[in-house]
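Participant: Before I ask anything, here is the structure I am working with.
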Amino acid sequence: QVQLVESGGGLVQPGGSLRLSCAASRSIFMITTLNWYRQAPGKQRELVASLSRRGDTNYADSVKGRFAISRDSDQKVGFLHLNSLKPEDTAVYYCNADLMLTARGTPSNYWGQGTQVTVSS
């Protein structure tokens, strides 16, 4: 059973930066589409950033110009770069991705367990 594992969350001061990573728990062929969601206490989960298979990106208005989504060159690890962080960015961040487990397989969708990002002085 494949799982997505996020890492890189933590406590950071306003204006600081973090890099979140998302990787499969075992070997895969590639990540096709990648999405990052977040959920703050008492709020609905929201889509923060997405990266298509061909490299198109989309961002929520609240993070445009501050966050950047990417994959590594092997297309096996996803990232979310968080810059100029604000207290309102505090949330659990979830990775969601379509994974091809083998070169001949079809993509299947997976979720990570989430990583906490807290922005506070």
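The values are calculated or read from the model by the stated rules, or taken from the named source; none is laboratory data. Bear in mind the structure is a predicted one, so any value in this text is a computation, not a measurement. Ideal geometry is used to build each Cβ from the backbone, glycine not excepted, and the neighbour counts take in all protein chains shown. In case anyone asks, the SASA skips ligands and DNA or RNA and just uses the protein heavy atoms, side chains included. Shrake-Rupley method; radii C 1.70, N 1.55, O 1.52, S 1.80 Å.
Participant: Need one number: nm distance between label points at Arg53 and Thr118, each 7 Å from Cα along Cα→Cβ, rounded to one decimal.
Facilitator: 4.0
Participant: OK, next. Specify, per residue and in Å³, the volume enclosed by the convex hull of the alpha carbon atoms belonging to the chain.
Facilitator: Once divided by residue count, the hull of the chain is 96 Å³.
Participant: Still on this model: Please build a GNM for the chain, connecting alpha carbons under 10 Å apart, and tell me which residue among Thr102, Thr90, Thr32 fluctuates the most.
Facilitator: Thr102
Participant: While we're looking at this one, here's another question. Percent of accessible area on the chain owned by carbon and sulfur, 1.4 Å probe?
Facilitator: 46
Participant: With the other protein chains left in place, how much accessible area per residue, in square angstrom, belongs to the chain at a 1.4 angstrom probe?
Facilitator: 53
Participant: Consider a paramagnetic label point 7 Å from the Cα of Gln1 along Cα→Cβ; state which residues of region 19-58 have an amide N under 15 Å from it.
Facilitator: Within reach of a label on Gln1, which here means backbone N under 15 Å from a point 7 Å along Cα→Cβ, region 19-58 contributes 25-26.
Participant: While we're looking at this one, here's another question. Which of the listed residues, Thr57, Gln39, Tyr93, is farthest toward the dipole's positive end in region 1-97, when Lys, Arg count +1 and Asp, Glu count -1 at the beta-carbon?
Facilitator: About the Cα centre, the residue reaching furthest to the positive side is Thr57.
Participant: Between Ser84 and Gln44, what's the calculated FRET efficiency when r is the beta-carbon distance and R0 is 30 Å? Round to 0.05.
Facilitator: Calculated transfer efficiency: 0.80.
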